[in-house]
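One structure is given below, encoded as structure tokens.
The values are calculated or read from the model by the stated rules, or taken from the named source; none is laboratory data. The shown structure was predicted, so the numbers you read here are calculated from the model rather than taken from an experiment. Glycine also receives a Cβ, built like all others from the backbone with ideal geometry; neighbour counts cover every protein chain displayed. Note: areas computed on protein heavy atoms with side chains; ligands, DNA, RNA excluded. Shrake-Rupley method; radii C 1.70, N 1.55, O 1.52, S 1.80 Å.
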Amino acid sequence: VTTADTPWRRLSPRMLAVHPVQEVVRAAPALFGLLVAGSSSGNGARWGLIGVAIAIVAGTMRWFTTRYRITPEQVQLKRGLLRRQLRAVARDRVRTVDVTAGPLHRALGLVRVTVGTGRSDRSSDGGVRLDGLAASEASGLRDELLHDRPRPHAEEATEARAAPPETVIARLRPEWIRYGPFTLSGIVTVGVLGGFVLNAANDAHVDPRSVGPLRDLGDALASMGLAGAIVAVAAALVLMVAVFSTTGYVLAFWGFRLTRHPGGTLHVARGLVTTRQTTIEERRLRGVEVSEPLLLRSVGGGRCIAIATGLRVGRGAERGGSLLLPPAPRAEAERVAAEVIRGREPLTAPLTPHGPRARRRRFTRALAGCVPVVAAVFALGRLAGWADWVWAVSLVCIPAALALAADRARSLGHAVTPAALIARAGSIVRRRAMLSREGIIGLNLHRSFFQRRAGLVTLTATTAAGRQAYGVPDVVDAEALRVCDQAMPGLITPFLAGTAAGER
Amino acid sequence: VILAPLPTEPPPPDPTAASPPHPAGPPDQGGPPDATPDLELRPPRHRVSPRAIRYWTARAAGGWLLVLTAQVVWLLATPADRRWHVLALAVTVVVAVAHVTVMPRWRYAVHRWEAAPHAVYTQAGWFDQERRIAPISRIQTVDTERGPLEQLFGLSSVTVTTASAAGALEINGLDRAVADRLVDELTAETQAEDAT
């Protein structure tokens with residue numbers, strides 16, 4: 001079969017029902033504007049209807065103008081009526097095939113397939129999005145693209161699917177939802193909602209005093225006194241954040257399943273309303289990371305994230321598909337990490353602490369950060385005649401900083417096993433990164449002026465995967481070199497002082 | 001052997017010793033106990049071109065000139081009570097002079113590079129210093145860059161990139177001919193190797 005012979009295919013005809021809805025939703029602001037503008041001339045409803053009709057026609061046209069095909073070399077997508085577009089992705093560049101389905105798609109048995117090349121963190125990374133394939137067709141397509149197998153004939157496909165090819169590594173257990181409130185993902189939601197309500201009330205000139213329930217609430221708070229009111233408001237906020245965080249957890253991770261397929265991929269499926277299936281090729285895996293945000297750590301929870309080339313990390317980790325386990329018991333996160341890298345040693349290896357000098361540096365830095373703030377508040381208070389309690393309250397940040405420094409010092413640790421370089425650091429988010437030694441492609445040794453005085457160095461292993469750089473902060477000079485030598489044997493040998501090798 | 005015929009210098013002294021306001025570190029307080037003797041990394045073998053001192057001076061001076069110009073304009077635009085303006089100007093002049101005299105020499109003492117048969121090794125910075133080592137087998141591209149100011153001083157920057165966004169090795173202030181030779185040899189070494 002050659003490229004020219006491959007027939008162009010249409011998206012699923014059921015998309016004829018989805019596209020118009022998508023268009024109308026997307027055009028909603030414009031339609032609203034049309035309605036408002038039209039109502040000044042007395043026939044807003046008519047203009048609104050015309051707008052909706054145009055959106056529906058445009059949505060319908062999308063199905064008729066979109067075609068795709070999968071040739072032996074490329075995935076091609078052709079679309080547009082007036083402005084014709086052809087996007088093509090070479091099949092040997094395909095790194096990710098993500099399958100998502102919103103509620104409307106799910107009701108109609110459809111999925112959206114995004115074929116990505118994993119080149120960058122940008123959203124428009126040259127991928128091809130096939131919005132609207134039948135769910136059954138999509139799973140075959142994913143196997144074909146990722147495992148580079150020729151598309152099987154229909155009967156072979158059913159046969160292959162009959163065999164149980166996957167092993168389940170992890171599955172969400174309902175009791176893990178108790179970790180939901182500690183993810184704090186709800187803070188953003190509460191903040192956005194609060195801002196929206198305040199803005200709307202402001203714009204509409206609503207006086208909170210004129211709304212019955214709010215007035216009662218205000219009176220109740222006023223009767224509690226200042227301290228009582230602060231406690232009550234804080235408790236209400238905490239409760240709201242907890243509720244929204246838990247809701248977010250359930251929406252995002254319900255039905256979470258991590259499986260390994262014999263073709264060399266890990267599959268992640270999750271989602272309550274909108275389902276997502278992402279894949280990670282094992283040959284692109286360079287390690288795993290167990291991360292424990294402070295709150296989650298306080299209740300014994302942790303997450304597991306893949307270190308793989310071409311996958312998003314950080315804030316985008318959940319959307320970018322590198323998440324291997326949502327917040328769950330720490331032991332579970334470690335078990336999943338060990339299964340994914342096929343070895344327990346990186347997780348159990350004892351870590352070498354960084355010693356008293358690194359510890360002192362944590363404290364110096366914490367104090368250098370907050371003492372000037374306290375001093376500034378004190379000076380400003382004196383100049384501006386603030387009450388003394390303002391200054392007294394700012395003193396709280398000193399013990400907080402010291403506690404943080406102590407925890408940060410406790411977190412520091414590193415080790416080198418035959419398979420991996422292990423580095424742990426952080427307090428607000430403690431991360432234990434286990435980077436496979438083959439994945440390391442360079443070493444950076446950073447020494448600030450103060451680090452040189454303390455005889456410390458921050459060793460960074462660079463890699464093409466994940467965060468691109470995994471640091472071992474503030475290790476003693478000689479220990480850093482020992483780690484370098486173990487992690488990449490021979491690399492630093494020609495550059496060592498006082499050895500014969502150095503003169504070679 | 002890579003780059004054997006390049007102009008070599010006597011074995012370099014430790015740049016940390018050469019860096020002017022740098023007191024010796026405190027005595028070793030003992031890291032983790034280890035039977036093997038302590039390893040010590042020597043600085044890379046080659047210095048950059050001495051003309052780099054003038055280049056860094058010119059670059060820093062240019063930046064400070066902009067700040068000073070802005071401050072003078074601010075001073076002239078203020079009709080009365082210029083005490084603070086003059087003070088700020090004086091502080092800027094002192095800081096600028098200190099920076100322009102100290103930084104380039106300190107930098108020159110630190111900036112070094114070396115290309116061994118299997119690895120590239122660089123050292124850069126001044127107040128904060130960084131050493132970077134990358135295996136030749138992991139090099140993806142070798143780029144040269146000559147900005148207008150660098151051209152004026154006959155200098156080149158060489159950037160050796162790896163597949164990691166955090167792993168680029170940059171050598172600033174190389175003599176142009178040396179840079180070209182380095183690029184040629186590294187490119188020849190790294191051809192047709194998969195470095196991811």
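See the values below:
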| quantity | calculated |
| --- | --- |
| Accessible area of the stretch A:371-421 divided out per residue, in Å², using a probe of 1.4 angstrom | 57 Å² |
| Estimated dipole of the stretch B:41-112 in Debye, rounded to 20 [Cβ of Lys and Arg +1, of Asp and Glu -1, Cα centre] | 680 debye |
| Exposure of A:Leu383 as accessible area (Å², to 10), given a probe of 1.4 Å and all protein chains | 150 Å² |
| Among A:Ala401, A:Thr460, A:Gly385 the positive-end extreme of the charge dipole of the stretch A:365-504 (Cβ point charges) | A:Gly385 |
| Rough spin-label spacing in nm, given labels placed 7 Å along Cα→Cβ, for A:Ala469 and A:Ala90 | 3.0 nm |
| Kyte-Doolittle mean at least 0.5, axial Cα span of 24 Å or more - DSSP H helices of chain A | A:44-65, A:186-203, A:212-253 |
| Protein accessible area in chain A, 1.4 Å probe - carbon and sulfur % | 63 percent |
| Simple spin-label estimate for A:Ala45 and A:Val273 in nanometres, 7 Å along Cα-Cβ | 3.0 nm |
| Helix-only CD estimate at 222 nm, as mean residue ellipticity for chain A, using -39500 (n - 2.57) per DSSP H run (n ≥ 4) | -14500 deg cm²/dmol |
| Cα lying deepest toward the dipole's positive end in the stretch A:217-305, options A:Pro293, A:Thr265, A:Thr279, charges on Cβ | A:Thr265 |
| Full-extension gain in nm, A:Leu16 to A:Val36, via 0.36 nm per residue minus C-alpha separation | 4.3 nm |
| Minimum 40 Å² accessible area buried by the other protein chains, the stretch B:102-146 residues, probe 1.4 Å, relative to alone | B:Phe127, B:Asp128, B:Gln129, B:Glu130, B:Arg131, B:Ile133, B:Pro135, B:Arg138 |
| Charge dipole (debye, nearest 20) of the protein assembly as shown; +1 at Cβ of Lys and Arg, -1 at Cβ of Asp and Glu | 1120 debye |
| Test item: Cα-centred dipole of the stretch B:44-177, Lys/Arg +1 and Asp/Glu -1 on Cβ, debye | 320 debye |
| B:Asp175 accessible area, assembled protein chains, probe 1.4 Å, Å² | 40 Å² |
| Inter-site label distance for B:Ala90 and A:Thr247 at 7 Å from Cα along Cβ, in nm | 6.2 nm |
| Solvent-accessible area buried by pairing B with A, both sides, nearest 100 square angstrom, 1.4 angstrom probe | 3500 Å² |
| Shielded residues, the stretch A:444-461 - accessible-area loss of 30 Å² or more between chain alone and all protein chains, probe 1.4 Å | A:Asn444, A:Leu445, A:His446, A:Arg447, A:Phe449, A:Arg452, A:Arg453 |
| Positive-end extreme of charge dipole, the stretch A:7-145 - chosen from A:Ala90, A:Ala28, A:Gly102 (charges on Cβ) | A:Ala90 |
